[in-house]
Amino acid sequence: MKKYGLLATFVCAPALFACSDNSNVDAAKTDKDQAFSVGSTSDTEAQNVVVANQADAAIASGVDYHSFANPNEIRVTHLSLNLTANFETKQLIGDVTLDVKRTTPENNTLVLDTRALNIESVTVDGESVPFAMGETDKDLGTPLSITLPNAANAVTVAYSTSPEASGVQWLTPAQTAGKKHPFLFTQAQAVHARSFIPLQDSPQVRVTYDATIKTPEDLLAVMSASNDPTTARDGEYEFTMPQPIPSYLIALAIGDLKFKAMGERTGVYAEPALLESAAKEFEDTEAMLEVTEETYGPYQWDRYDLLILPPSFPFGGMENPRLSFITPTVIAGDKSLVSLIAHELAHSWSGNTVTNATWRDLWLNEGFTTYLTYRIMEMIYGHDRFKKEAVLGYQDLENDIAALDQNDEILAVDLRGRNPDDVFSNIPYEKGALFLREIEQKIGRENFDAFLMQYFKDFAFKSITTDTFIAYLDDTLLKQYPDKLDADRIHTWIFEPGIPKGAPQPESDAFTKIDDTRSAWLTGDVKATDIETAQWTVHEWLYFLNNMPETLSKAQLAELDSAFSLTTTKNNEIAHSWLMIAVENNYQPAFERLYSYLVSIGRNKLVKPLYRELSKTPEGKAFAKRAFEEAKSGYHPLTVKANEGYVN
Ligand code: BES
Ligand code: ZN
């Protein structure tokens, strides 16, 4: 049931600027029955209703297919949160006051996103106002429609969250490092803010916020907002976020947290047991911040702190503004996995300052950030390390391309009718970064850096679509470098599957040596114990292991393991690569470690490939099922959802 008109009716020129013609907005209704539309407001470029892809005229660019909200009629501009964390009932309880701005005075129905929230009351100036919950969608939750009195510009919703809220994890003391206090953290990206706040849960709606959070007295609350490292620990905490941010960047954590400064603007929050090791591991954060500012323009967010989460955190990191959330699995003792910090920091420019308008445009966040990450790593740790990490990233991309459906290899991916969580891959990350690398190589690094600095400035605090970016390229680099860049090539990168022919291909001399070593060992010319590994970094180990042939003999596996103690490695990434080999070859001596790995780590990127591989044989699946059953109560809802299919 497509309701789209002719291609031309969607295009408003110049594409870079907002459409003011409302007929375009009406034409942009989605094929679901909700009146999603894109309209004109000042804080987003997302309203360009331009048909995104000539090949598939049905995708309307800028339409958020993952929100019920109607920001083009009434837009929420500020949130005032007032919540108490109840660790007994695993609920956040309180209210939120939403400031709203109407497009026209007669727009009185405000539609918010919710998921599994208990709505207690909806009031304006203390008086109840009518509201209705719509039909629940399994991926999108339930729309909440509120009829506002004429001229009301704020509404208060009193509510509580469900103990199973998809965006909140409540941890028992046993699941923390200190074992004495409970812990809570939220993870809103992509569509989970609605499970702990009723709001317009679309990345094209930017809000400022303030919050009062009440906790048990001995715990500290921190948010993606101003955090005062010296605040008294009294169970009541105040926050403000003065810059307008998309809802997926609203974040809260509560636990037995201590703070340690790393630099003038940088510091780390962690449970006491991890505080020193985290501060040491990430001590280069301040330097990373400085080089990124020099290259891409001022840091817009005041402080930059890290929060170290318990190991069940489902991601490596999350770029919550002013306070990136970080998995403890990257504290390796040798800074070998700190590109994660460069990545989350880089999001302060690509993602948090310039934001994807819809989840289809995620590559604008992740591809730019991955490109910036490589550049930051090169500036801080040098060319050789950068090259190694680029090769590893490229191989991850190649592996995904071998496994993915072609449609999911497209940067501007079609997510209609799908849950963004289910489409997670290296495509937006590594393919996006490779695209930018190609432009850099064609026009020269200095020129590309200048372009990016201007891009972050021109779109600061805006949410933009892929099409807005293309129009911007048309207006800037394509005009400046007509003999170096062309629109067809750009179209291929963004709308075609796979890696375009002639794309840059990262190489590393250090890795060529590893290839030789691996070959010599595989042919039996060299014994494992004779391999000179003293100078190997994590990168060499990953490259050595990840490129082993699919099948190794039990004798070969035992030889590697006895020479290098791989089963007991402390590095979680090396352990992951080794355990993948162990599962593929049913190498039983590693299965005890595999089991403890699966039940102690909840980072989906590390556990999901293991479950997937285990599920391929009946014995593997039975093993996976046992581990999953034990681990499940400690996993984040996202990790449970991503893996339960492999064990059932
Ligand atoms: N913003 C992402 C995490 C994310 C993406 C959550 C999409 C939900 C939906 C974060 O910045 C990220 O990319 N994390 C990666 C880091 C890695 C690529 C260095 C991760 O967690 O693995
Ligand atoms: Zn990211």
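Values in this text are rule-based calculations from the coordinates and carry no lab data. Treat the numbers as computed from the prediction; the structure is a model and nothing was measured. For neighbour counting, all protein chains shown are included, and Cβ atoms are generated from backbone atoms with ideal geometry for every residue, glycine included.
For the reader, a short list of remarks on this structure follows.
- Label point of Val526 set 7 angstrom out along Cα-Cβ; within region 537-571, amide nitrogens under 12 Å from it belong to 544.
- Translational diffusion of region 52-168, µm² s⁻¹ [Kirkwood Rh, Cα pairs; Stokes-Einstein; 4 °C; 1.567 mPa s]: 83 µm²/s
- The longest part of the chain holding none of the exposed loop GluC sites (Glu not before Pro), meaning those outside H, G, I, E and B in DSSP with at most 16 other Cβ atoms within 10 Å, is 284-506.
- Among Thr156, Asn107, Phe239 the positive-end extreme of the charge dipole of region 74-254 (Cβ point charges): Phe239
- Shape of region 470-546 from the C-alpha gyration tensor: prolate (a/c of 1.5 or more and a/b above b/c, with a ≥ b ≥ c the square roots of its eigenvalues).
- Helix content alone sets the calculated 222 nm mean residue ellipticity of the chain: runs of n ≥ 4 DSSP H residues at -39500 (n - 2.57) each, divided across all residues, give -10500 deg cm²/dmol.
- Length-normalised contact order for region 103-169 - Cα pairs under 8 Å, 6+ apart - percent: 42 percent
- Cα centroid separation - region 134-153 against region 370-431, whole Å: 36 Å
- Look at Ile601, Ile514 and count the other Cβ atoms within 10 Å of each Cβ; fewest to most, that gives Ile514, Ile601.
- Taking a sphere under 12 Å around the Cβ of Pro428 and counting the other residues whose Cβ falls inside, with K and R at +1 and D and E at -1, yields a net charge of -4.
- Distance violations [Cα-Cα > 20 Å] among Lys462/Lys641; Lys431/Lys605; Lys214/Lys260: Lys462/Lys641; Lys214/Lys260
- Measuring spread by the Cα atoms of the chain yields a radius of gyration and Dmax of 24.7, 83 Å.
- Calculated P(r) tail over 20 Å for region 89-156, as whole % of Cα pairs: 32 percent
- Calculated FRET value between Glu286 and His383, using beta carbons and R₀ = 30 Å, to 0.05: 0.85
- As a proxy for reagent exposure, ranking Phe185, Phe196 by other Cβ atoms within 10 Å from fewest up yields Phe185, Phe196.
- The percentage of C-alpha pairs in region 74-254 whose separation is greater than 23 Å is 40%.
- Computing FRET efficiency as 1/(1 + (r/R0)^6) for Ser633 and Glu446, where r is the C-beta to C-beta distance and R0 is 60 Å, gives about 0.65.
- Overall dimensions of region 422-517 as given by Cα atoms, namely Rg and Dmax in Å: 15.6, 50
- Taken as Cα centroids, region 474-518 and region 217-272 sit 40 Å apart, rounded to the nearest whole angstrom.
- In the chain, the DSSP beta bridges split such that about 75 percent are antiparallel, to the nearest 5.
- Per-residue Cβ neighbour rank within 10 angstrom, fewest leading, Asp467, Asp530: Asp530, Asp467
- Under 12 Å from a label point set 7 Å out along the Cα-to-Cβ vector of Ala563, the amide N atoms of region 500-534 belong to 517-534.
- Under the simplified labelling scheme, the Glu164-Lys457 pair shows an inter-label distance of 5.1 nm, with each label point 7 Å from Cα along Cα→Cβ.
- Rg and Dmax of region 509-647, Cα atoms only, in Å: 15.7, 48
- Cα-based Rg of region 162-288 normalised by 2.2 N^0.38 Å, two decimals: 1.10
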